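Chemist: Below you'll find the structure I mean.
Every read-out reported here was derived from the displayed coordinates using simple, explicitly stated rules and does not represent laboratory data. Just so we're clear, the structure is a prediction, and the values are computed from it rather than from any experiment. Cβ: placed from backbone, ideal geometry, glycine included. Neighbour counts: every protein chain shown.
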Amino acid sequence: METNMEKADKIINKNLSWLENKRSPVMPVLHEIQQEFGWLPEKVLIRASRKLKIPLIELYGIASFYNEFRLNPLGENHIVVCTGTACHVRGAAAVLDELKRQLGIDEGEVTPDMKFSLDTAGCVGACAIAPVLTVNEEYYGGLTKKDISSFIEELKKG
């Protein structure tokens, strides 16, 4: 069975050819690492830094600049609350605050049991059913602060 470091080495080595064309392999390496692991684990970034001869701080700078990269794993139920104008006007902030309170996590975090992670998005494109949140890319609209407790319980049941 292939170890995480062996998987990381395959990804990195495969993309080293970018250097021959005087192009940086950083973006393809980060994308593939995230695709493989679901996020960018620190140990794998350290390995990539050494093999690509790029300072670790530079990799972290790139990973934290682009929204598509994750420096933390996702929970089993990845909740994204829309904070766009329509959702904001219809109470998204209260829904987000209640999710934070009940889950005990902030945006960008995951619960210790790895069941839930929480993020926000500027718009998820479902303004008609605002406020909107997604769970693993499935849309839920019209939720209020009062709905959150039962909503979380339903997610726990699976």
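Chemist: Taking 0.36 nm per intervening residue step and subtracting the Cα-Cα distance, what contour gain separates Q102 from F37 on full extension?
Modeler: Stretched out fully, the Q102 to F37 stretch lengthens by 20.6 nm.
Chemist: What's the longest piece of the chain with no exposed trypsin sites (Lys or Arg not before Pro), counting a site as exposed if DSSP puts it in a loop and it has at most 15 other beta carbons within 10 Å? Provide the component values of the computation, followed by the final result.
Modeler: Values: sites that count: K22, R23, K53, K115.
Answer - 54-114.
Chemist: Please report S64, S49, S24 as a ranked list, fewest other C-beta atoms within 10 angstrom at the top and most at the bottom.
Modeler: Fewest-to-most Cβ neighbours within 10 Å comes out as S64, S24, S49.
Chemist: Still on this structure: Between K157 and K53, take the C-beta separation as r, use R0 = 35 Å, and let me know the FRET efficiency to the nearest 0.05.
Modeler: Once rounded, the FRET efficiency stands at 0.10.
Chemist: What number do you get for the stretch 109-158 when its Cα radius of gyration is normalised by 2.2 N^0.38 Å, N = residues?
Modeler: 1.19
Chemist: What is the spin-label model distance, in nm, from A93 to M1 if the labels are put 7 Å beyond Cα along the C-beta direction?
Modeler: Result: 4.8 nm between the two label points.
Chemist: Can you pull out the GluC sites (Glu not before Pro) in the stretch 62-158 that DSSP calls coil and that have at most 10 other Cβ atoms within 10 Å?
Modeler: When the GluC sites (Glu not before Pro) of the stretch 62-158 are filtered for loop state and at most 10 Cβ neighbours within 10 Å, E68, E137 remain.
Chemist: Let me ask another. Taking the Cβ of T3 as the centre, find all other residues whose Cβ is under 14 Å away and add up their charges (Lys, Arg: +1; Asp, Glu: -1).
Modeler: Result for the neighbourhood of T3: 0.
Chemist: For the stretch 36-42, in order, what is each residue's ³J(HN,Hα) by Karplus, 6.51 cos²θ - 1.76 cosθ + 1.60 with θ = phi - 60°, in whole Hz (x at glycine and Pro)?
Modeler: Karplus values, whole Hz, x for Gly and Pro: 6, 9, x, 6, 10, x, 4.
Chemist: Let me ask another. Taking 2.2 N^0.38 Å as the expected size of a compact globular protein, what ratio does the Cα radius of gyration of the stretch 1-88 give against it, to two decimals?
Modeler: Here the Cα radius of gyration is 1.25 times the empirical estimate.
Chemist: Convert each backbone phi in the stretch 136-153 into a coupling constant with the Karplus relation 6.51 cos²θ - 1.76 cosθ + 1.60 (shift: θ = phi - 60°), then list the ³J(HN,Hα) values in order as whole Hz, x for Gly and Pro.
Modeler: 6, 6, 9, 8, 9, x, x, 6, 10, 3, 5, 7, 5, 4, 5, 4, 5, 4
Chemist: Now, a different point. What are the ³J(HN,Hα) couplings of the stretch 71-76, residue after residue, when phi is run through the Karplus curve with 6.51, -1.76, 1.60 and θ = phi - 60°? Round to Hz, x for glycine and proline.
Modeler: 9, 10, x, 8, x, 4
Chemist: Using only alpha carbon pairs under 8 Å that are at least six residues apart, calculate the relative contact order of the chain and give it in whole percent.
Modeler: Worked out over the chain, it gives 19 percent.
Chemist: Taking amide hydrogens as modeled 1.01 Å from N in the peptide plane, which residues meet the under 5 Å criterion relative to D119, leaving out close sequence neighbours?
Modeler: I79, V80, V81, G108
Chemist: Do any cysteines in the chain lack another Cys Cβ under 4.7 Å, and if so which?
Modeler: C123, C127
Chemist: Still on this model: Kindly provide the pair-distance distribution of the chain built from C-alpha pairs, with 10 Å bins from 0 and whole-percent values in order of increasing distance.
Modeler: Binned Cα distances yield the sequence 10, 34, 26, 20, 10, 1.
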